[in-house]
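To keep things clear, I will list the structure first and then write my remarks on it.
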Amino acid sequence: MDNRGESSSEWHDPRGRGFRDRASVADVLALIDRRVSELESETLPLGEAYGRILAEPAVAGSPVPPFDRAAMDGYAVRGEETFGASSYNPIAFRCAGEAFPGRRCRVPVIPGDVVAIATGAALPAGADAVVKHEATQRTGDVVLVTEPTPPGRHVGRAGEDITAGTLILPRSRMLRPQDVGVLSAVGAARVAVVRRPRVTVLVTGDELLPAGSPAVGDRIPDMNGVMLAALIHRDGGTPAVVGPLPDDRDRLERALLQAVENADAVLVSGGSSTGPEDYAPGLVRACGELAVHGVALRPASPSGFGFIRGKPVVLLPGNPVSCLCAYDFFAGRAIRRLGGRRPDLPYRAISLPLARKLVSVVGRLDYARVRVVDSQVEPLAISGASILSSTTRADGFVLVPSELEGYAAGSMVSVWLYDE
Ligand code: AMP
Ligand code: MG
């Protein structure tokens, strides 16, 4: 088992010179927030906008409802004329026409008349109230009204829901199903949303076989490509996975430059540390800027963050757990920012007591996989960086701040849940 970054003693890479110093997670997050900003917008037909991020505030171009309309089935009346009506003293009217949704009654309601009306139909001229069906009796053209119905009763006024010019949805809103419904109601046929970030993943490692292949000899299937594609998708990006690529400097350089050309952000899986075959950090430094290399985050310390031609390039450790952790903290944040989403971890946190103590090391933020059993938090015993099943068995993770040695049994901790 490869326990890199997981042992409690100071981690040392036997193949390389190690990291002289590691950036704090907070500093890396601040760098990402400073240097990565939202992409431009694109305009989509409303039917494709669900789940996308509004690029500008949505303002109602027209009122909802657009006209005064019946809120009940019954009769459109001149409200004043119904005053005094009761079942002992019904008032008789003449039914002069019918109004249905989409088919308004062209005949105005003159004194002594009513118009039969269905919910949602435009109120005919002259009428100012709707007597509900239950308060009437009809015989031929004669309608007896048995309830006083003052002006305005059972009428939805034009603009009573939304007046024209109202801000209906703020910028950066992730559009919900009901949001696209409301946009439709105010006549927004197209909406400006933030373009989805295109993210290329370069999977590197001589030992890797294509995802899902049977392991052969000492070669293993790539786990990170499919996992990262799913994470990118979750965070609103469009992933493209390249590889597995061999640990070859020239091959990686060509792939990296091409990826920078085609994508808004590039992730490199594997070869991110300081060993002789870890080419990615040097390439980012040579082709652009390696802003961070080495982070005080367990189990993802061999992570890097840089830029080539202004585009973020994130170096993710090959160990699948480290890769997931580094993605969520750094790559995901950059992608979420590019796509106009909230940058924070896209997990819900709940506060629960620890069933056992959780041991950590001072000087590094710890990403500890845990299970929630009977409303208590159980740290997973086998949780080395290479044990991807520690994340599938876990319900989520607890972050132990770098200044703490861990938490005592019974402490209340925040658990970030993998599931929604
Ligand atoms: P590296 O970061 O390239 O030094 O890789 C660290 C460890 O993670 C090694 O044991 C690799 O075999 C393993 N590893 C690297 N990339 C992947 C991958 N895409 N899928 C599964 N394991 C990987
Ligand atoms: Mg490797």
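The values are calculated or read from the model by the stated rules, or taken from the named source; none is laboratory data. Predicted, not measured: the structure shown is a model, and the values here were computed from it. Virtual Cβ from ideal backbone geometry, glycine too; neighbours counted across all protein chains shown.
Tabulated values for the structure
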read-out	value
Number of positions in the stretch 1-37 that are more than 16 Å from ligand 1 (Cβ to nearest atom), surrounded by 16 or more Cβ atoms within 10 Å (Cβ to Cβ) and modelled with pLDDT under 50	0
Residue in the stretch 59-77 that is in contact (Cβ under 8 Å) with a residue 60 or more places away in the chain, under 30 Å from residue 235 (Cβ atoms) and under 53 Å from the mean Cα position of the chain (by Cα) present	yes
All positions within the stretch 286-332 that are among the small types (Gly, Ala, Ser) and in a helix (DSSP H, G or I)	286, 322, 326, 331, 332
Yes/no for residue 399 being within 24 Å of the chain's Cα centre (by Cα), away from ligand 2 (no atom under 16 Å from the Cβ) and crowded, with 23+ Cβ neighbours inside 10 Å	no
Residue 180 vs. criteria farther than 30 Å from residue 41 by Cβ and of a type in the set (Val, Ile, Thr)	no
Options 236, 271, 225: the member that is within 13 Å of ligand 1 (Cβ to nearest atom) and closer than 29 Å to residue 40 by Cα	225
Criterion violated by residue 386 - all others in (1) modelled with pLDDT under 95; (2) of a type outside the set (Phe, Trp, Tyr); (3) within 22 Å of the chain's Cα centre (by Cα) satisfied	(3)
Which listed residue, of 161, 179, 250, 218, is in contact with a Lys or Arg (Cβ under 7 Å, 6 or more places away or on another chain) and not β-branched (Val, Ile, Thr)	179
Residue check, residue 398 modelled with pLDDT under 95 and outside the structural domain of residue 320 (by TED's automatic domain parsing)	no
Where residue 243 falls short, out of the listed (1) within 13 Å of ligand 1 (Cβ to nearest atom); (2) of a type in the set (Gly, Ala, Ser); (3) over 23 Å from residue 338 (Cβ atoms)	(3)
Residue list for the stretch 236-276, restricted to those being touching a residue at least 60 places away in the same chain (Cβ under 8 Å) and over 21 Å from residue 391 (Cβ atoms)	236, 262, 263, 264, 265, 266, 271, 274, 275, 276
Output for the stretch 216-230, where each listed residue is away from ligand 2 (no atom under 16 Å from the Cβ) and either of a type in the set (Lys, Arg) or more than 19 Å from residue 317 (Cα to Cα) (or both)	216, 217
Qualifying position, being away from ligand 1 (no atom under 11 Å from the Cβ), buried (at least 24 other Cβ atoms within 10 Å of the Cβ) and within 24 Å of the chain's Cα centre (by Cα), among 321, 313	313
Selection from the stretch 176-235 of residues that are free of Cβ contacts under 8 Å to residues at least 12 places away in the same chain and of a type in the set (A, V, I, L, M, F, W, C)	215, 216, 230
Wholly within the stretch 336-415, strands (runs of 3 or more DSSP E) carrying at least 1 residues that are within 30 Å of residue 173 (Cα to Cα) and touching a Leu at 6+ places or on another chain (Cβ under 7 Å)	348-353, 365-373, 396-400
One residue from 327, 279 being among the aromatic types (Phe, Trp, Tyr), closer than 19 Å to residue 225 by Cβ and away from ligand 1 (no atom under 11 Å from the Cβ)	327
